[in-house]
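Take a look at the structure below.
The values are calculated or read from the model by the stated rules, or taken from the named source; none is laboratory data. Predicted model, so just to flag it, every value in this text is computed and none were measured. Cβ coordinates were reconstructed from backbone atoms using ideal geometry, including for glycine residues, and neighbour counts include every protein chain displayed.
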Amino acid sequence: MRILVTGSRTWDDDETIRRALTGAAGVVASQVTLVSGACPRGADAIAERVARELGWHVERHPADWQQHGRRAGYLRNAAMVAAGADVCVAFIRDGSRGASMTARLAHQAGIDVHEHHTTGTQRPDPSSLPDVSIRADREER
């Protein structure tokens, strides 16, 4: 069985991921491959850790940001869906565009999709924010 996981980089609920993955695996739990986007934090990292604890094989698909720039995430997500899966489990925090897009692609490919949504007050990772400079001009009166 192949389980495609996609999720927000800010997802931090380990127990929801554990329950969702073991539920998706069902009775074939010892013969599972987790297909992951290999993000070092959030849902991907948690899911990979859980999968290894369960003795599952982990198939990693890291995005090549250096070669593809901003399209790297989309290309990686599309490649994971194209690689095939029996089920896609999505962990979407605050409407995450990448995880939502991957779930949509999986659904369009005929893969059964299980979405888990949450919102959070967690501050965004500064490295994920666009590089902008703010200039304040004030008129002196």
In region 99-116, how many residues are more than 19 Å from R2 (Cβ to Cβ) and either modelled with pLDDT under 95 or aliphatic (A, V, I, L, M) (or both)? 1
Looking at region 45-100 only, could you name the residues that are under 13 Å from the mean Cα position of the chain (by Cα) and exposed (fewer than 14 other Cβ atoms within 10 Å of the Cβ)? R60, P62, G95, R97
Answer with yes or no whether E59 is assigned to a helix (DSSP H, G or I), among the acidic types (D, E) and in contact (Cβ under 8 Å) with a residue 12 or more places away in the chain. no
In this structure, is R18 assigned to a helix (DSSP H, G or I), in contact (Cβ under 8 Å) with a residue 12 or more places away in the chain and under 22 Å from T119 (Cβ atoms)? yes
Spot the failing condition for Q67; the list is (1) free of Cβ contacts under 8 Å to residues at least 60 places away in the same chain; (2) part of a strand (DSSP E or B); (3) polar (S, T, N, Q), and only one is missed. (2)
